[in-house]
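Remarks on the structure that follows.
The values are calculated or read from the model by the stated rules, or taken from the named source; none is laboratory data. Predicted model only: the values in this text are computed from it and were never measured. In this analysis, Cβ positions are derived from the backbone assuming ideal geometry, glycine residues included, and neighbour counts consider all displayed protein chains. To get the accessible areas, we keep the full protein, side chains included, count just its heavy atoms, and leave off ligands, DNA and RNA. Shrake-Rupley method; radii C 1.70, N 1.55, O 1.52, S 1.80 Å.
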Amino acid sequence: MNYSSLVSAISSYTENTFPTVDMNLFITQAEKRIYNTVQIPALRKNVTGITTASNKYLACPDDFLSSYSLAAISPTTGSYTFLLNKDVNFIRESYPSPTTTGAPKYYALFGPAVASSVITTELTFIIAPTPDAAYSMELHYYYYPESIVTASTTWLGDNYDPALLYGALVEAYTYMKGEQDMIGLYDGKYKEAMGQLKRLGDGLERQDAYRSGQARVPVP
């Protein structure tokens, strides 16, 4: 299902024509509800960056929401060392002096970078110990993929559109202040679709038949 067919379906189900700005809001709100409920592979992104020697901070990507992993790549051997995610308090306690340098072992989400009362970077990592050299850093992180509103097609629309359709219908019918039985119907369909999507995103896609055996229903 692409953007045009999704808009057409929402209008047909509700028997209503919405302004584009409202229609787009229904869809994007539904997308964010879905993306915060199921961790589908389309929410993963990978980037690389470089630390600066004697600088314990590393900027997060602009679209960063949360991290899956952060690894430091040795400048001499190219080997990966995955950093342990800790709290800022742990890092401050363990490495009270920023002049203590070495190969990165830990990281924490620090917060915005501010210069002259102006936020220059929305979020940064603090690295410990303070890097003693320029290390390539590989970050796997969670982000919102481009909305179907602007991309026209997305993984969600192509592979499991019921969740997107019924999620947007719940938003649209709530906006219309529709009858409670119909809102309940759409919400039930949305929850059913989300259960199936969760089985895929948080279940089947995280295992295989070799390690976990084939998915099967117990027989009484």
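Miscellaneous remarks
- Region 68-84 - phi-based ³J(HN,Hα) in whole Hz, Karplus 6.51/-1.76/1.60, Gly and Pro as x: 9, 6, 9, 10, 9, 9, 4, x, 9, 9, x, 6, 9, 10, 7, 7, 8
- Compactness of the chain is given as radius of gyration and Dmax, 22.5, 68 Å, from Cα positions.
- Between ARG92 and LYS198, residue separation times 0.36 nm minus the direct Cα-Cα distance comes to 34.4 nm.
- With every protein chain in place, region 16-123: carbon and sulfur % of accessible area (1.4 Å): 53
- Rounded to whole Hz, the Karplus (6.51, -1.76, 1.60) HN-Hα couplings of region 29-38, x for glycine and proline: 5, 5, 4, 5, 4, 5, 5, 9, 10, 10
- Dipole orientation for region 1-87: of the candidates SER8, PRO41, THR28, PRO41 has the Cα lying most toward the positive pole (charges on Cβ; Lys, Arg +1; Asp, Glu -1).
- Rounded FRET efficiency, nearest 0.05, which uses the C-beta distance separating TYR57 from VAL219 and R0 of 45 Å: 0.20
- For PHE125, the residues 5 or more places off, or on other chains, whose built amide H falls under 5 Å of its own are LEU58, ALA59, CYS60, PHE110.
- The mean sequence separation of alpha-carbon pairs under 8 Å and at least six residues apart, normalised by the residue count of the chain, gives a relative contact order of 30 percent.
- The phi torsions of region 209-220, fed into the Karplus equation with coefficients 6.51, -1.76 and 1.60 and a -60° offset, translate into couplings of 5, 5, 8, 9, x, 6, 5, 8, 9, x, 9, x Hz, rounded to whole numbers, with Gly and Pro shown as x.
- Per residue accessible area in Å² of region 162-220, where ligands, DNA and RNA are left out and the probe is 1.4 Å: 69
- If R0 is 22 Å, the Cβ-Cβ spacing of TYR210 and TRP155 corresponds to a FRET efficiency of close to 0.30.
- Gain on full stretching of the segment that runs from TYR175 to ASN16 - 0.36 nm per residue minus C-alpha separation: 56.1 nm
- Note on the chain: with a GNM built from Cα contacts shorter than 10 Å, the maximum mean-square fluctuation among MET182, MET137, MET23 falls on MET182.
- On Cα atoms only, tilt of 161-175 relative to the major axis of the chain in degrees: 70
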